[in-house]
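Data block below; observations after.
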Amino acid sequence: MLEKAYAHQSVEEKWTSFWRASGLFHAEPGVGEKPFVVVIPPPNVTGALHVGHGLDNTLQDVFVRYQRLSGRPVCWVPGTDHGGIATQSVMERQLKAEKLNRHLLGREKFLSRMQAWTKQCKSTILGQLERLGCGLDWSRESFTMDEDRAESVHEAFKILWEKGLVYRGERMVNWCVHCGTALSDIEVEFEERKGHLWHIHYPSADGSRGAVVATTRPETMLGDTAVAVNPKDARYKGLAGKTLRLPLAGREIKVVGDEYVDSDFGTGALKVTPAHDPNDFEIAKRHGLSLVTVISPDGRMTAAAGAAYEGLSREAARDKVVEDLKSAGFLEGVKDYPHSVGVCYRCGQAIEPLVSWQWFVRMEELAKPAILAVDSGRFRLHPESWTKPYREWLSGIRDWCISRQIWWGHRIPVWYCVKCHGERIKTDFHQVADARGVLSVEGPSSCGVCGGSEFVQDPDVLDTWFSSALWPFSVFRWPGRTPELKFFYPTSLLVTGYEILHLWVARMQMMGLCLTGQVPFPDCVIHGIVRDRHGKKMSKSLGNVVDPLVMMDKYGTDALRFSLLIQAHPGRDIPFDEASITGSRNFANKLWNSTRFVLMNLPEAKAYGVASLDRGRLELCDRWILDEYRETIARARKSLDAYEPAAAADALYGFLWDKFCDWYLELAKIRLQGADEPAKDVVRGVMVEVLGGTLRLLHPFMPFITEELYAALKPFAGRQEASVVEAGLPELGSSWADENARRDMAVVMETVSALRSLRAQLNVPPGLKIRAVSAGGAAATRELLSRRADYLQTLARLSEISHSEEGIRPPQSATAVAAGMSFFVPLQGVIDFDQERVRLKKEIAKAESDVSKLSAKIENKDFLARAPQSEVESARSQYDAARERQGRLKETLLLLGS
RNA sequence: GGGCCGUUAGCUCAGCGGUAGAGCGGCCGCCUUACACGCGGUAGGUCGUAGGUUCGAAUCCUACACGGCCCACCA
């Protein structure tokens, strides 16, 4: 016998090890039909999983288990991502705590510490995924930086190199002075920050007035090499071509005319700092201006900034420049000026645009097939509303900077001959123009140009997203023509959050198309972010982070999963509240107890179910629940097929609780507590069928509890499967649809509700059984209620119910009106007639409002003429019912006297 | 500056062309032998605003307002 309440811990442990040993989620290439294949978005090895991972992986598990349940083999590939900058930063923080840094340690030692950390982190993460119940194919665990994946990376780089799609170029890149590396454009986030706009006077070299420029970054003036004005700006007519004297530096700079300058902004004169601003860099190219680099990659001022500033941080230099300008009389004004600042997506520090030599991937050519794929429907996003932003991003794409000046990652497989380039190649790599690299993984033996034999490898590593972009095929050991690749690729579905749509999804599509000629996955489910209960993003600094493990310990994994899933409407963020987990925990308990109830009523192990049901013995509630069950199966399946698990979860929740437990089981008790064995067997058959099927449908959402309960139920269902996922999806043919049962149950339910409401409002003691006399009504309704008097008696707690042909109201009665009938309830001594009058008046008011609304509708000529016939008929019968109800209520009130 | 999404009961959200729903919270009453992680009852919305389409609109269209997000090189 089951415990009284669901105790999740032991159940979870039991089934976790069962699944691991079962091989249920393992597929072998070439065996059977092609499986449903999903690759996990590999979590970074930076620590533990958060609740966002919980959502992402639960969703995948739902789809995977749903497919498995429907009989299709599945292969869900687990793995982790080395995480580049993010992971290196974690390690650097650890080192700092030990008063160390990576340079003190050296590349070798640093990397071996990284490996150790990664190993530990991987096992934590994979363990947590298992704890979440994820049906992963553990035999296929991959890591973006293991040997097989390294081979994929090298091959991808080689193909891109050979196609001329990867190149080394001198560009202005987004530089993070904190992380010490270049970043791609999409790794820069923009934040609105408080700042100032300074107006600085640049006098003319000939002693005339010159120009005033506006800037938010005064420290960069030390690197100015021009001032630009719009040639159409009347104020500055004739200024272009003149020479100005740069304050503090004393250098002479030219004024150039450039259409880029917006005359309406600031003073209309723009200081040009080509080495530290991307727009200025472009202006400089157009006008052949020189570059003066005043900020170095470590964020400090260079010698070129002048002796007074050299070595100062950017921030300190700003203060000093402002002060110096002020005392020298060049500062014309300053005002508060909030503006957006680009910051590093990993550390949040302001990005410094710097010019250096980096590796890039030409994107335009890669994007074209990806655009085609989404336009032709070969690649679909869910919800569909993400298609447009995705498409537009692809069509405006710019080259991707893939080199990173960190150590943790795939080293760029390019080597340089020291003899050809000189010793500088070893130390000053990023400043060496046009270095000619040789593509090689292990290093070439001799230089094709000079025959030299000393080579140095490119010191940089690839952007972590480069290896991520290959993930859907690298996990199957592409470029090897492995059986796995052949069988499992392309994959079936990708599930991920919208925040990495560009960073990851788009790049997988592009790389997949370029390198394998196929869309790596035809469907992509985009989910939202898990936020705190007020809709705020979770962050450590706000202290609103929810730890999924704590939630699992406290409420159970199924409760956590279900509460996330039932809120995971397509593409929407989820406001996470502990209260919603409580609700799901309660649901799990409801499921547990309803199964317990069913089991208590199954005396012997035999194959109960729809197949062995004597249909001739079914009564109203049986036919009704089977009809509802049939509809629920259809709705849940339809929603799951459309990748909308929340709608499916909602349908199942409502069915199990509100229909099966609150109505069916209550009515089932009548026969179960009786002595008619064949009747009991009918109920048992229905209960086992409906509950068993519901457990199966719920399994993708709540895998643990459903395994446990199904295991307990299956001896009574004639089932042998070791796991519920092998049991198949429930099905019920159209012959089980039953409009009559639906209609009749509606009458029963309406009547029961009316009687219960009457009892409660008149404070009839719950334990007291009351008598009811019905009057009026259609013959069919009367017949139904008399046939199913047992339902009314049980659910409304009636001692008896009789019908008065004459419609005589017993004295001292309260009256309920439902289903076109009156129900008189004699309540001598219990009833308070004042209260009864109030209650009736309230009901009359409601009925009157219904009547007037409906009469307006059915008297509307346009409605009658143009609305579909079925609609008109339905409105008419609704009107009749409301009229009838209104009449009965009024009559009753009249009898009571007002 | 573009684009996307949202605005429905006190809170969090479903519904997306036929007289407004759920969960939580509130209130009233119940330990009715599966479940107090429960049961019954009940209050509470002119569905952001203004127009339009339609016999009929929370649901479709157009503006606007207010949130949020994404993209964009405005000092």
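Worth pointing out:
- Lysines with Cα under 28 Å of A:Lys857, excluding same-chain neighbours fewer than 8 positions away: A:Lys841, A:Lys842, A:Lys846, A:Lys890
- Region A:1-148, relative contact order in percent, only Cα pairs under 8 angstrom and at least six apart counted: 36
- Separation of region A:113-189 and region A:626-688, taken as the distance between their Cα centroids, equals 48 angstrom.
- Derived scalar couplings ³J(HN,Hα) [region A:367-378; Karplus, 6.51 cos²θ - 1.76 cosθ + 1.60; whole Hz; x for Gly, Pro]: 6, 3, x, 5, 5, 4, 4, 6, 5, 8, x, 6
- Measure of compaction for region A:8-112 (Cα Rg per 2.2 N^0.38 Å): 1.50
- A Förster radius of 45 Å, combined with the Cβ-Cβ distance separating A:Arg107 from A:Glu392, puts the computed FRET efficiency at roughly 0.65.
- In the context of the full set of protein chains, region A:1-82 has a per residue accessible area of 36 Å² (1.4 Å probe).
- When +1 charges are put on Lys and Arg Cβ atoms and -1 charges on Asp and Glu Cβ atoms, the dipole computed for region A:522-611 relative to its Cα centre reaches about 140 debye.
- Solvent-accessible area per residue for region A:214-303 (1.4 angstrom probe, square angstrom): 42
- The order of the peptides A:775-784, A:882-891, A:506-515 by mean Cβ neighbours within 10 Å, most packed first, is A:506-515, A:882-891, A:775-784.
- Approximate spin-label separation A:Asp185-A:Ser385, in nm, with each point projected 7 Å along Cα-to-Cβ: 2.6
- In region A:426-503, Rg over Rh equals 1.13, where Rg is the alpha-carbon radius of gyration and Rh the Kirkwood radius from pairwise Cα distances.
- FRET E, pair A:Arg615, A:Val838, Förster distance 56 Å, beta-carbon r, rounded to 0.05: 0.70
- Virtual paramagnetic centre 7 Å along Cα→Cβ of A:Arg20, amide N under 11 Å, in region A:62-102: none
- Sequence-distant residues sharing a close amide H with A:Asn44 (under 5 Å, placed H): A:Asp81
- Mean accessible surface per residue for region A:405-497, computed with a 1.4 Å probe while every protein chain stays in place, in Å²: 39
- Heavy-atom accessible surface of A:Tyr345, to the nearest 10 Å², is about 40 Å², with a 1.4 Å probe and all protein chains retained.
- For chain A, the 222 nm mean residue ellipticity estimated from helices alone, with every DSSP H stretch of n ≥ 4 adding -39500 (n - 2.57) and the total spread over all residues, rounds to -13500 deg cm²/dmol.
- Considering only A:His154, A:Val212, A:Gly195, and ranking their Cα positions along the charge dipole of region A:148-214 that arises from unit charges at the beta-carbon of Lys, Arg, Asp and Glu, the one farthest toward the positive end is A:Val212.
- Förster radius 56 Å - calculated FRET efficiency between A:Ser852 and A:Glu365 (Cβ-Cβ, nearest 0.05): 0.25
- Greater than 24 Å apart at Cα, pairs in A:Lys320/A:Lys540; A:Lys14/A:Lys714; A:Lys285/A:Lys426; A:Lys237/A:Lys326: A:Lys320/A:Lys540; A:Lys285/A:Lys426; A:Lys237/A:Lys326
- Within chain A, the ratio Rg/Rh, alpha carbon atoms throughout and Rh by Kirkwood, equals 1.11.
- Extending 7 Å from the Cα toward the beta-carbon at both A:Arg235 and A:Ala779 defines two label points whose distance is 9.5 nm.
- Partners for A:Lys486 among aspartates and glutamates (Cα-Cα distance below 17 Å; same-chain residues under 8 apart left out): A:Glu28, A:Glu33, A:Asp148
- Compactness of region A:367-526 as Cα Rg over 2.2 N^0.38 Å, two decimals: 1.27
- Estimated inter-spin distance, A:Asp880 and A:Arg93, nm [label 7 Å along Cα→Cβ]: 7.2
- Among the protein heavy atoms of chain A, carbon and sulfur supply 49% of the accessible surface, probe 1.4 Å, non-protein parts ignored.
- Computed magnitude of the charge dipole of chain A (debye, nearest 20; Cβ of K, R +1, Cβ of D, E -1): 620
- With the charge dipole of chain A set up from +1 on Lys and Arg Cβ and -1 on Asp and Glu Cβ about the Cα centre, the Cα lying farthest toward the positive end among the listed residues A:Tyr879, A:Thr815, A:Ile526 is that of A:Thr815.
- Residue pairs, from the table A:Lys606/A:Lys669; A:Lys163/A:Lys419; A:Lys109/A:Lys419; A:Lys4/A:Lys590; A:Lys368/A:Lys388; A:Lys194/A:Lys335, whose Cα atoms sit over 18 Å apart: A:Lys606/A:Lys669; A:Lys163/A:Lys419; A:Lys109/A:Lys419
- Over region A:51-191, the Kirkwood radius and the radius of gyration, each from Cα atoms, give a ratio Rg/Rh of 1.04.
- Over 15 Å [Cα-Cα, region A:807-898], rounded percent: 62
- Measuring max minus min along each principal axis, the C-alpha atoms of region A:496-579 give extents of 47, 29, 21 Å (largest first).
- Set of aspartates and glutamates near A:Lys769 by C-alpha distance (under 13 Å), chain-local residues within fewer than 8 positions excluded: A:Glu800
The values are calculated or read from the model by the stated rules, or taken from the named source; none is laboratory data. Note that the coordinates shown come from a computational prediction; the quantities given were computed from them, not determined experimentally. All Cβ positions, glycine included, derive from the backbone under ideal geometry; neighbour counts span all protein chains shown. Please note that ligands, DNA and RNA were not included when accessible areas were found on the heavy atoms of the full protein model with its side chains. Shrake-Rupley method; radii C 1.70, N 1.55, O 1.52, S 1.80 Å.
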